[in-house]
Amino acid sequence: MSFWAVSRGLTPQGKVAPMLNPNQRQFLEDELRYREKLKMLAGGNAIDDVYVRKPDTVDDPLELDKHDSFYKTTKSLLVLFQIMGVMPIHRNPPVRNMPRTGYSWRSKQVMWAVFIYSCQTTVVVLVLRERVKKFITSPDKRFDEAIYNVIFISLLFTNFLLPVASWRHGHQVAIFKNMWTNYQYKFFKTTGSPIVFPNLYPLTYALCVFSWLLSIAINLSQYFLQPDFRLWYTFAYYPIIAMLNCFCSLWYINCNAFGTASHALSDALQATIKGEKPAQKLTEYRHLWVDLSHMMQQLGRAYSNMYGMYCLVIFFTSIIATYGSISEIIDHGATYKEVGLFVIVFYCMCLLYIICNEAHYASHKVGMEFQTKLLNINLTAVDTATQKEVDMLLVAINKNPPIMNLDGYANINRELITTNISFMATYLVVLLQFKITEQRRSQTA
């Protein structure tokens, strides 16, 4: 009873009000709201007065397409993924009770992906066999050449992981795309204005072109910097490096879109607060924010295996290339081959930085910035119901943190960069210690 009295300001004079921990206060607020709802229903008030999530309705697919600006502006990247056979999802016909984006193992997109993958795997196997044969039988086994072979053989193995890491999660990717489609229409119905993604269409198109140009540039640089790197080897690496670049572009575009949606939602919320009795709208905004947080989590869940493999390849390649270049410089001095190794290290670390940095900004915009705008609201100028809705929105942010997580494997943020660098430094120190010890033994022998 003392808890109840404290919540309503009815503590008798002379008695000390009990201190509530956050869990107790949250439980108490939930109980109070539940009792208020029961009283409202018992008094014959309409159900619309109860601030609960409205039941989901089947939306018109044509209306969904009309307001699905995210799909329209990023369609070029989706088509590129289909052409490359990386993610063969498809757009369903506008039929009621059917998701707008789907995935089926019997679709023509999957059949095309199998065909492209078979052709690509044939070239990869030929290059892999040639490299392994040269690595084993070469009489001049210089250390830098061994490092190059290890790096490029490991890159070839990513091709064999594509069906497991990407195609197997096609249904989760389709769910993520449908969440974006439904969210934009729900945002329009709630706020009366659509989410605008400025410059996203030319940015996506430019990233598609840049991903392939960068792949060609990296492979040709290795061809000129390595005497044993034949020109026909590059045809096995073009789609692999381009795929890594496209996944980095996909992550950048989605993180950018999350920030744009959060900014649009906060602007709509601030405009609503200035109106009369905004509690009902704030409930719908709370649901919109929770849906946005769930979308961020679904992105990591849908591409968990692909980006997990992505990070492992970056980590392994960066360690091997850095160690190989430093070791060769110690033994024979700097040459053009070491420049090629440093190009690989720089490329891998740039990919890791872009992914982690964009995830950090997206989480910051959806979480911290949105929460800061809520805390700056003058609650003394609004009614009690609005104050409660603001409190519940803050609790929702606390209970559903917008974290980019790879299905429980790792959190993608700036901390991942420092963690990778620290692990790399540890391994490099150990490997260089072995290298220096081996040199001393050879000199004393």
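The values are calculated or read from the model by the stated rules, or taken from the named source; none is laboratory data. Treat the numbers as computed from the prediction; the structure is a model and nothing was measured. Backbone-built Cβ (ideal geometry, glycine too); neighbour counts: all protein chains shown. Side chains included, ligands, DNA and RNA excluded: accessible areas come from the protein's heavy atoms. Shrake-Rupley method; radii C 1.70, N 1.55, O 1.52, S 1.80 Å.
The table that follows gives values for the structure above.
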{"read-out": "Net charge, His263 excluded, C-beta distance under 13 Å - Lys, Arg +1, Asp, Glu -1", "value": "0"}
{"read-out": "Solvent exposure of segment 322-442 as accessible area per residue, Å², 1.4 Å probe", "value": "55 Å²"}
{"read-out": "Per-residue ³J(HN,Hα) for segment 381-398, Karplus 6.51 cos²θ - 1.76 cosθ + 1.60, θ = phi - 60°, Hz, x for Gly and Pro", "value": "9, 10, 6, 5, 4, 5, 4, 5, 5, 5, 4, 5, 5, 5, 5, 4, 5, 5"}
{"read-out": "Value of relative contact order over segment 61-443, rounded to a whole percent, pairs C-alpha under 8 Å and six or more apart", "value": "19 percent"}
{"read-out": "Angstrom value of the Kirkwood radius, inverse mean 1/r, which spans all Cα pairs in segment 61-443", "value": "23.2 Å"}
{"read-out": "Net charge, His169 excluded, C-beta distance under 10 Å - Lys, Arg +1, Asp, Glu -1", "value": "+1"}
{"read-out": "Long-range HN-HN contacts of Asn405 with modeled amide H, under 5 Å", "value": "Gly300, Ile412"}
